[in-house]
1. Residues to consider are HIS198, HIS124; find the one that is in contact with a Cys (Cβ under 9 Å, 6 or more places away or on another chain) and of a type outside the set (A, V, I, L, M, F, W, C).
2. Do we have any residue at all in segment 223-237 that's touching a residue at least 40 places away in the same chain (Cβ under 8 Å) and part of a loop (DSSP other than H, G, I, E, B)?
3. Output the number of residues of segment 84-125 satisfying the condition of being of a type outside the set (S, T, N, Q) and under 14 Å from the mean Cα position of the chain (by Cα).
4. Restricting the search to segment 186-197, which residues are under 12 Å from TYR219 (Cα atoms) and assigned to a loop (DSSP other than H, G, I, E, B)?
5. Can you tell me which residues in segment 1-37 are modelled with pLDDT of 90 or more, among the β-branched types (Val, Ile, Thr) and more than 16 Å from the chain's Cα centre (by Cα)?
6. Mind checking which residues of segment 39-82 are modelled with pLDDT of 90 or more, among the small types (Gly, Ala, Ser) and not in a helix (DSSP H, G or I)?
7. Looking at the structure I just gave you, is PRO268 farther than 24 Å from PRO168 by Cα, free of Cβ contacts under 8 Å to residues at least 60 places away in the same chain and assigned to a loop (DSSP other than H, G, I, E, B)?
Amino acid sequence: MPIPSGLKAVDLMMNIPDGDPTAWYEFIKPLLLDEESRKVFKMPAQYMFKNIPEISEQEDYVAYALAEMDKWGIEKAMLGISGPNSSNLDACRDHPNRFFSSYGANPNNGMEEVRTIKRLHKEHGIKAVTGFPAGLCPQVPINDKRYYPIYATCVELEIPICLTAGIPGPRIPMEPQKVEHIDEVCWFFPELKFVMRHGGEPWVDLAVKLMLKYPNLYYSTSAFAPKHYPKAIIHYANTRGTDKIMYAGYFPMGLSLERIFTDMQNVPFKDHVWPKFLRDNAIRVFKLDE
């Protein structure tokens, strides 16, 4: 069934689209060994994305983002405040009713990263910690001991951890993001709210099995055009996983909001699933009403 009329979304992955988009990916360049990824692609997984958004020069990029959100029915969006895009932090400060912040943690930094998370939680009220295990230099598997202090900190602060899982789009090794690694983390940290990002493919059936097993394990649809949502995820959302699947986009990194919400009309979610998928689950898991 199509999206119910008037239903607003919470987007769990967005950026304010100012500056040079290639700056978002400087961190991953040491891992890219093939010439096409290093010298041709504007973003490391460009071979997977057609028509990557090209944003014309704007007088006010935050206003532009808000206009796009209004046009496509997004009430709130989560912005990372750890990267080179300072507009994300400005947007969260100036429009707290429309944006909320997360922090992309690097567990290679040890206890300094724990102190940074606590400081940002106190100063900016971050609602989540995020991470790209395969994109770190050096890489850090999801179940690696270096991640454990960060997991413990998220439990202490009562905020979710959102990590990419599955084969990474960029041409880098996949080992750190095997979905099977999540099993150990959820076992050892039963209080941790763990949100999978970026699809979990090709281990989607395992991701569903683990969500059935662990009550605090969730899935977000980041970096996927809705026409490519895995069938197992749609089936799970329509059955036992109605409270476990959450919308996350990928604007402007790889997808336009127009592409996402045009495709979205054809996703066969049941009527009662749409409100939970687009907003209610995110509000509950990320405590957006507090």
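1. On the way: HIS198 fails: in contact with a Cys (Cβ under 9 Å, 6 or more places away or on another chain).
Checking each option against the conditions leaves just HIS124.
2. Yes, segment 223-237 contains at least one residue that is touching a residue at least 40 places away in the same chain (Cβ under 8 Å) and part of a loop (DSSP other than H, G, I, E, B).
3. Going through segment 84-125, the residues of a type outside the set (S, T, N, Q) turn out to be 84, 89-96, 98-100, 103-105, 107, 110-115, 117-125.
After this cut, where a residue has to be under 14 Å from the mean Cα position of the chain (by Cα) as well, the list is 100, 103-105.
Going through segment 84-125 one residue at a time, the tally reaches 4.
4. To start, the set of residues in segment 186-197 that are under 12 Å from TYR219 (Cα atoms) comprises 193-197.
Scanning segment 186-197 gives a single hit, LYS193.
5. If the condition is that a residue be modelled with pLDDT of 90 or more, among the β-branched types (Val, Ile, Thr) and more than 16 Å from the chain's Cα centre (by Cα), then ILE28 is the only one that fits.
6. Of everything in segment 39-82, those that are modelled with pLDDT of 90 or more, among the small types (Gly, Ala, Ser) and not in a helix (DSSP H, G or I) turn out to be GLY73, ALA77, GLY80.
7. Working: farther than 24 Å from PRO168 by Cα: yes; free of Cβ contacts under 8 Å to residues at least 60 places away in the same chain: no; assigned to a loop (DSSP other than H, G, I, E, B): yes.
Judged against the criteria, PRO268 is not a match.
Per-residue answers, yes or no, for (1) buried (at least 19 other Cβ atoms within 10 Å of the Cβ); (2) modelled with pLDDT under 95; (3) not in a helix (DSSP H, G or I):
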{"position": "THR153", "(1), (2), (3)": "yes, no, no"}
{"position": "GLU156", "(1), (2), (3)": "no, no, no"}
{"position": "LEU163", "(1), (2), (3)": "yes, no, yes"}
{"position": "PRO173", "(1), (2), (3)": "no, no, yes"}
{"position": "GLU184", "(1), (2), (3)": "no, no, no"}
{"position": "PRO215", "(1), (2), (3)": "no, no, yes"}
{"position": "TYR219", "(1), (2), (3)": "yes, no, yes"}
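The values are calculated or read from the model by the stated rules, or taken from the named source; none is laboratory data. Keep in mind it's a predicted model, so treat the numbers as computed, not measured. When we count neighbours, we look across all protein chains shown, and the Cβ atoms used for this are built from the backbone with ideal geometry, even at glycine.
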